[in-house]
1. Keeping every protein chain in place, order GLU541, GLU518, GLU397 by accessible area at 1.4 Å, biggest value first, i.e. largest first.
2. If you average the C-alpha positions of the stretch 162-205 and of the stretch 267-322 separately, how far apart do those two centres end up, in angstrom?
3. Apply the Karplus curve 6.51 cos²θ - 1.76 cosθ + 1.60, θ = phi - 60°, to the phi angles in the stretch 380-391 and return the couplings in whole Hz, x for Gly and Pro.
4. For the stretch 1-142, give the share of DSSP beta bridges that are antiparallel, in percent and rounded to the nearest 5; count only bridges with both residues there.
5. Hey, if you put +1 on the Cβ of every Lys and Arg and -1 on every Asp and Glu Cβ in the chain, which of PHE449, PRO47, LEU528 ends up farthest toward the positive end of that dipole?
6. Have a look at the DSSP beta bridges in the chain and tell me what percent are antiparallel, nearest 5.
7. Could you please report the charge total around GLU526, scoring K, R as +1 and D, E as -1 over all other residues with beta-carbon less than 11 angstrom from its beta-carbon?
8. Tell me which of LEU108, ALA86, PRO151 sits at the most positive position along the dipole axis of the stretch 36-191, charges placed on C-beta atoms (Lys, Arg +1; Asp, Glu -1).
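The values are calculated or read from the model by the stated rules, or taken from the named source; none is laboratory data. Model, not experiment: these values are computed from the prediction. Cβ sites come from the backbone with ideal geometry, for glycine too, and all protein chains shown count toward neighbours. Ligands, DNA and RNA are excluded from the accessible area calculation, which covers all protein heavy atoms including side chains. Shrake-Rupley method; radii C 1.70, N 1.55, O 1.52, S 1.80 Å.
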Amino acid sequence: MRQNFDVKGGPQIGRQNLPKLRAEMAKQGLSGFYVPHEDEFQNEYLPDANERLAWISGFTGSYGSAMVLAETAVLFIDGRYTIQAADQTDHDLFERVAVPDPGPFGWLAAQNLTGAIIGYDPALMTPNDVATFTAAATKAGARVKSVTENPIDLAWSERPDQPQAPVHPHAIEHAGTSSHDKRQQIAQALRADKADAAIITAPASIAWLFNIRGGDVACSPLPLARAVIRSDGSAELFLDPAKETDGLRAHLGNEVTLTPYTDLEPRLRELKGQTISLDPGLASAWFFQTLEDAGATILPQMDPVQLPKACKNAAELQGSAAAHRRDGAAITRFLHWLDTDAQSGKITEIDAAMKLESFRNELPGLQDLSFETISGAGPNGALPHYRVNSASNRLLERGSLYLVDSGGQYPDGTTDITRTVPIGTPSADMIRHYTLVLKGHIALDRVRFPEGTTGTHLDILARHALWQAGLDYDHGTGHGVGVYLGVHEGPQRIAKPWNAIPLAPGMIVSNEPGFYKEGAYGIRIENLQYVTPPEPIEGGERDMLGFECLTFAPLARGLIDTGLLSSEERDWVDDYHQRVMAEIGDLVDGEVKDWLNAACAAL
């Protein structure tokens with residue numbers, strides 16, 4: 001079993017640990033302390049040893065932060081986690097405030113904290129965040145203090161050990177490009193920017209650059225490591241020796257030096273007089289402080305690996321397509337099961353999650369899930385990032401909707417798919433809302449767009465039909481996805497907030513509009529798709545990029561109101577289902593294939 005359903009977090013954790021933090025704060029002369037969710041590696045999903053926000057509050061979501069003062073504590077969460085945070089934190093200990101408005105720094109700026117000293121850990125915050133934090137504290141009449149020892153770490157007496165998962169070479173047949181060639185590409189960019197070297201701090205960037213994979217982060221094959229790449233293409237990889245496996249040094253070659261992770265700081269201090277590229281949006285303030293103290297000149301710019309990693313090569317796209325076909329067969333078997341056995345009304349959310357996992361476990365090459373399955377029945381489906389546990393487990397009751405968001409990690413690709421299905425007979429509102437979401441999904445799949453277009457420009461397409469009905473959803477429409485890497489990656493994104501990175505050929509993004517009726521049901525339809533090169537349009541004057549779908553599994557016919565679809569939208573549904581049959585049909589048989597034929601019949 002790759003996932004468990006134990007109850008995590010809860011108000012009792014904050015009651016137990018918040019006083020311990022405040023005691024350590026007092027010892028360090030701090031009036032307050034800022035606690036981000038992110039760890040030293042700016043990860044979204046954390047090893048247990050780095051779940052500091054959960055330890056002080058009981059809140060286990062993958063996004064949030066807290067401001068702890070001597071008499072007050074505030075938890076900052078976005079719309080995905082409003083209900084979860086209310087359930088997991090003690091209302092007498094934690095006030096809950098929305099992100100992004102006002103967010104932690106907007107809230108801080110509005111306080112009267114004259115003379116207060118607010119601490120922060122520079123290893124957990126980027127310099128961009130530190131600058132905003134400092135300005136907010138100044139406006140509140142307080143000053144900030146960088147701590148050398150995190151008071152949470154000092155108070156956490158039974159903290160788990162840091163992960164030491166083995167690091168293995170990633171096969172060239174899946175990577176498509178050798179580490180040597182990748183490093184030469186990055187080195188060329190460094191020379192163009194007159195930089196002597198770049199510090200690579202993001203685990204996903206390191207995994208891609210050196211063609212290695214690890215297992216330090218749940219559901220993501222990431223090694224927690226750092227690297228320095230020089231302008232001649234040589235590099236130094238800082239890794240805990242316990243993670244080294246046979247053949248790793250030979251794979252890295254003579255141009256890469258493997259160095260114990262504990263030697264990172266002294267090696268950084270040897271960069272005196274050199275110009276070093278460092279990403280102020282990914283690297284922590286600790287790196288900037290250390291390099292400045294060493295006398296290096298910092299060139300603040302985006303991690304040079306980010307864009308090359310995001311723009312997948314032919315081998316990565318072919319591998320992703322193959323992984324999605326296999327995964328689509330497992331999803332199709334699961335959807336057949338949902339449409340037959342699970343219609344009884346006696347199946348639970350955990351039963352369903354385990355059934356889906358069992359279908360994936362039969363697939364060749366499955367390494368892990370790409371995240372814990374979101375298995376939401378009825379009102380639980382209205383929580384976009386719901387995680388079922390033994391206490392919240394609901395039946396898939398007749399007359400309800402069931403939302404399932406899941407994915408797998410394979411050596412050739414990472415999958416992420418959401419489907420919403422009726423259990424029993426759906427209501428007219430369920431059908432209408434599903435169809436409005438589907439219209440947005442279709443619009444974002446079909447769009448053609450010029451070079452220079454960002455995800456922000458396209459986000460409205462997925463929301464338009466909902467907006468015209470007075471509806472919306474409180475999450476982004478699309479995130480980047482890696483190839484046997486993180487299921488969430490940047491720098492591209494499709495969402496309301498501004499994203500300055502133009503969509504470029506080879507980028508994989510999700511297409512996942514939704515609608516959530518609190519206390520009743522949730523709807524989301526998610527496929528992955530990649531950006532295709534610019535091509536001419538008949539009668540047009542400019543070549544346009546587009547999207548190619550990677551995900552193939554049938555939609556819920558019983559939730560589609562064809563009267564709300566245009567003829568072009570109906571054609572899209574029929575064409576998509578023909579593609580599903582072509583991609584998946586030969587991978588299933590018997591009753592499942594008969595069901596698939598019916599599910600994919602023309603509207």
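1. Correct descending sequence by accessible area is GLU541, GLU518, GLU397.
2. With the stretch 162-205 and the stretch 267-322 each reduced to a Cα centre, they are spaced 10 Å.
3. So the J values, rounded to whole Hz, are 5, x, 7, 9, x, 10, 4, 10, 5, 9, 5, 8.
4. 60 percent
5. PRO47
6. 70 percent
7. It works out to a net charge of -1.
8. The listed residue farthest towards the positive side: LEU108.
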